[in-house]
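Structure first, then comments.
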Amino acid sequence: MTSPPIVQIYENWSFLAAFLIAVVSACAGPAPPSVDAYVDTAAAVDAPVTPAGCAPPNPAVVAGKFAAPDLTELSGLVASLAQPAVLWTHNDSDSQPRLFAVDTQAQLRAVVLVLGASVTDWEDIAIGPAADATGSYLYIGDIGDNQQQRSRVHVWRVKEPTLPNSTAAVVLTSDPAGKLVFDYPDGNHDAEALACDPPTGDLWLATKVKDGKTKVYRAAAPFSVGAIQVLQKVTALQWPGDPAVTGAAVAADGSLFILRTKTAARAWRRPASAGIAEALLGEPCPLPVPSAPQGEGIAWTSQGYFTVGEAAGGDLGFVGW
């Protein structure tokens, strides 16, 4: 099979602007880049009815397969804001606090040991600008609570490592991680979805429920390491079909807020003058996701979004605009 082209993670603003115009107005824009070279096998996708004003993306395809033996139960996924073709991910249940950097063909680039962190139930990962404007923070959501027994949850914040220019996978150690501690205002919850809003630095969490409504919470920036912060409940969303939200993402410019389940995803469009809370009052656009055992993470890029599931040797899914 011909090697698929590297999908650029750097923000291509002219391309992004064209996409957003298409999403808002459903007008025909420039043709999206071809992703035919990504196709390994046909991918079954959820295909909900598209409301007026939502531009459907291209069909979901397989960008690559995870072959590295340590990638056994991938959960969270996020794209680097500054390093082209780099995706950050992690295992759900792991014996040590570590992140994996992979490229957009699912090839391992680095294993990063997160200094000072611990693992209870890592579920998702997010990225946002660092406070000193010299790079990005990775936010690792230790937010899982299947039995709803944890009195509080926490998020590990660490400076995004810079990868060496190497074709072989490397092992790195991160800068010391800071522990951000959060309490829910209304009892214990299981959650698997975490996202950072880059324009504000706020963190957003969404609960995982078997039935009923998904609750969405906001943690307002700036954050103080070690201090307990009470989350703000913003809304409760009624999902058609399976309501168990397993991942979240925000566009790099904050223009879209995305939540996914095992079989579907939805994106809320955010006008420039509004926040995510206001965007969630609107009608979301349905997005397809590749079929995968225990579909989990979702990562936004300027040319489409990537997805992962928890199966060992699973696929890196891709949906292009």
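What follows draws every value from the coordinates through simple rules; no lab data is involved. On a predicted model such as this, the values are computed, not experimentally measured, just so you know. Cβ: placed from backbone, ideal geometry, glycine included. Neighbour counts: every protein chain shown.
Derived scalar couplings between HN and Hα for region 304-311 equal x, 10, 9, 9, 9, x, 8, 6 Hz in order, rounded to whole Hz, by the Karplus curve 6.51 cos²θ - 1.76 cosθ + 1.60 (θ = phi - 60°), x for Gly and Pro. Looking at region 201-278, which trypsin sites (Lys or Arg not before Pro) are DSSP coil and have at most 13 other C-beta atoms within 10 Å of their C-beta? Here the trypsin sites (Lys or Arg not before Pro) that fit, given the DSSP loop and packing criteria, are LYS210.
Computed extension length for ASP94-ASP242: 50.6 nm, one decimal, from 0.36 nm per residue of separation with the Cα-Cα distance subtracted. The stretch between VAL170 and GLN149 holds 3.8 nm of extra length on full extension. This uses 0.36 nm per residue minus the Cα-Cα distance. Does region 13-320 classify as rounded, prolate or oblate by the C-alpha gyration tensor (a ≥ b ≥ c root eigenvalues; a/c under 1.5 gives rounded; else a/b over b/c gives prolate, otherwise oblate)? The shape class here is rounded.
Its relative contact order, with pairs defined as Cα atoms under 8 Å and 6+ residues apart, puts region 152-266 at 23 percent.
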